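The values are calculated or read from the model by the stated rules, or taken from the named source; none is laboratory data. Predicted model only: the values in this text are computed from it and were never measured. All Cβ positions, glycine included, derive from the backbone under ideal geometry; neighbour counts span all protein chains shown. For the accessible areas, the whole protein counts, side chains as well, though only heavy atoms, and no ligand, DNA or RNA atoms are used. Shrake-Rupley method; radii C 1.70, N 1.55, O 1.52, S 1.80 Å.
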Amino acid sequence: MRIGIHTGNVIAGITGSTIVRYDVYGPDIFIANKLESTGRPGSIHASGQTLNILQQAGIVLNYEKSEDIRLDTIGKAVDSY
């Protein structure tokens, strides 16, 4: 199992009329998905933004820097741990 965590903004909505589905959208969802898909099995892959928030909350974690994630679709690179 791989887990990708990113902190950011989302847009949520309900789609469909016969089969109703709830979904979330936005660039930050894409970042979390990319973190998950590029992560190591058995590990949690988090963005630097999420790590900063956890540290500000006083949560102490063992972490190691990973390669930055390039997101050409949205023109961004995200630091990851």
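Dividing the summed -39500 (n - 2.57) terms of all DSSP H runs of n ≥ 4 by the residue count of the chain sets its mean residue ellipticity at 222 nm at -7500 deg cm²/dmol.
For region 39-81, just say rounded, prolate or oblate: build the C-alpha gyration tensor, square-root its eigenvalues into a ≥ b ≥ c, call rounded for a/c under 1.5, and beyond that prolate if a/b exceeds b/c, oblate if not. Oblate. Look at the Cα gyration tensor of the chain: its axes a ≥ b ≥ c give a/c of at least 1.5 with a/b over b/c, and that counts as prolate. Residues in region 1-39, backbone N under 16 Å from the label point at residue 55 (7 Å along the Cα-to-beta-carbon vector): list them, ranges by number please. Within reach of a label on residue 55, which here means backbone N under 16 Å from a point 7 Å along Cα→Cβ, region 1-39 contributes 7. In the chain, Cα pairs under 8 Å separated by at least six residues give a relative contact order of 31 percent. Which of 31, 11, 19 moves the most in a Gaussian network model of the chain with Cα springs under 10 Å? Among 31, 11, 19, the largest mean-square fluctuation in the Gaussian network model of the chain belongs to 19. Between 15, 38, 50, the Gaussian network model of the chain with springs among Cα atoms under 10 angstrom shows the greatest mean-square fluctuation at 15. Can you pull the percent of the chain's accessible area that's carbon plus sulfur, 1.4 Å probe, other chains left in place? Heavy-atom surface of the chain belonging to carbon and sulfur, 1.4 Å probe: 54 percent. Across 70, 40, 21, mean-square fluctuation computed from a Gaussian network of the chain (C-alpha pairs under 10 Å connected) peaks at 21.
Taken per residue, the accessible surface of region 1-43 reaches 73 Å², heavy atoms only and a 1.4 Å probe. Remark: the residue 9-residue 63 segment gains 17.0 nm on full extension, using 0.36 nm per residue and subtracting the alpha carbon distance.
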